1. Could you please find all residues in segment 84-96 being surrounded by 10 or more Cβ atoms within 10 Å (Cβ to Cβ) and either in contact (Cβ under 8 Å) with a residue 12 or more places away in the chain or touching a Leu at 6+ places or on another chain (Cβ under 6 Å) (or both)?
2. Every residue in segment 34-87 that is among the polar types (S, T, N, Q) and modelled with pLDDT of 85 or more, please.
3. Quick one: which strands (runs of 3 or more DSSP E) sit completely within segment 40-120 and have at least 2 residues that are within 30 Å of Glu16 (Cβ to Cβ), in contact with a Ser or Thr (Cβ under 9 Å, 6 or more places away or on another chain) and of a type in the set (A, V, I, L, M, F, W, C)?
4. What are the pairs with Cβ atoms under 6 angstrom where one residue, in segment 4-30, is of a type outside the set (Gly, Ala, Ser) and the other, located anywhere, is surrounded by 10 or more Cβ atoms within 10 Å (Cβ to Cβ)? Sequence gap at least six, or different chains.
5. Read through the list (1) modelled with pLDDT under 85; (2) surrounded by 11 or more Cβ atoms within 10 Å (Cβ to Cβ); (3) under 23 Å from Pro134 (Cβ atoms), then give the number of the only condition that Glu112 fails.
6. Which residue out of Leu47, Leu75, Leu53, Leu62 is surrounded by 10 or more Cβ atoms within 10 Å (Cβ to Cβ), of a type outside the set (Val, Ile, Thr), closer than 30 Å to Trp148 by Cα and touching a strand residue (DSSP E or B) at 6+ places or on another chain (Cβ under 7 Å)?
7. Just checking, how many residues over segment 118-145 are modelled with pLDDT of 85 or more and more than 19 Å from the chain's Cα centre (by Cα)?
8. Looking at segment 165-176, can you tell me whether even one residue there is touching an Asp or Glu at 6+ places or on another chain (Cβ under 6 Å) and either loosely packed, with under 10 Cβ neighbours inside 10 Å or under 30 Å from Asn76 (Cβ atoms) (or both)?
Amino acid sequence: MGLELRILRFLPHAEEAWEMETADRPTELTNQAIEIEYAGKKHWVQLDDVLKLFTDHAVYVLTYGHVRTDMGFDLNLKKFTIGHYQGTSMASSYSSVVEVDNKGEHEISMNEPLKMNGLTIYQASFQQNEKGEPVASIFSVNYDPGRWLKYLGCLILVFGTIWLFYNKRRASRAMGPATTKEIP
C-alpha cells in the first residue's frame, strides 16, 4: 500500500497537565471538576474523566461522571436528521430515529418525545464537529411518577374557576336589578 510514517518530533518525557482554578460561576470555557488529595498530593478530576492513582501494591481508578441509570431497555440510534432555516446553517429542527429492544423504530423529535416504561425521552440537542456535521444526538430522559397529580390539580383549578363565575352570576341574579337613589 505504500504507507509511510514520519515522526516529526518525539517527546519521551512529556506529560499531559491541566491547570485548574475555582470560579464563582460557570462560563462556556469552564468544565466541572473536583479536587482530591491522595498521599499528600492534590489531583483534579474533570467531569466524565478518569484518574488513576498508583501505589506499590494497587491501582485505584477514580471517575467523576454523570449519574447512569438502567432504563430497562436498549435504545439504538438508527438515523439523525437536521432541518435548517432557509439560507442559513442554523438548525430549525432535528430528530432521531431509534430502535427500541426489537419493538420497532420510533422517531423522537423536538416536540414529539418517546414514552416507554414510565419514562419520557426527549430530543434535547445534538453535537457537531468542526465541519458542521452531526456527531452525537443528545436525549433528555424524564421520570415523572406524579404527572397524573399535576393534571388532576389543573382539572380542579379549571372546574373551580368555572364554578366561581357560575356562582357569581347566580348571586347577582338573586339580588335582583340594581336600584339607584337620588340624593337631595
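1. Passing the criteria: Ala91, Ser93, Tyr94, Ser95, Ser96.
2. Gln46, Thr55, Thr63, Asn76, Thr81, Gln86, listed by residue number.
3. 49-54
4. Close Cβ pairs (under 6 Å, with a partner that is surrounded by 10 or more Cβ atoms within 10 Å (Cβ to Cβ)) amount to Met20/Ala33; Met20/Trp44.
5. (1)
6. Every option except Leu75 fails the conditions.
7. The number of residues fulfilling the criteria is 0.
8. Looking through segment 165-176, none of the residues is touching an Asp or Glu at 6+ places or on another chain (Cβ under 6 Å) and either loosely packed, with under 10 Cβ neighbours inside 10 Å or under 30 Å from Asn76 (Cβ atoms) (or both).
The values are calculated or read from the model by the stated rules, or taken from the named source; none is laboratory data. In this text, all values refer to a predicted model and were calculated from it rather than measured experimentally. All Cβ positions, glycine included, derive from the backbone under ideal geometry; neighbour counts span all protein chains shown.
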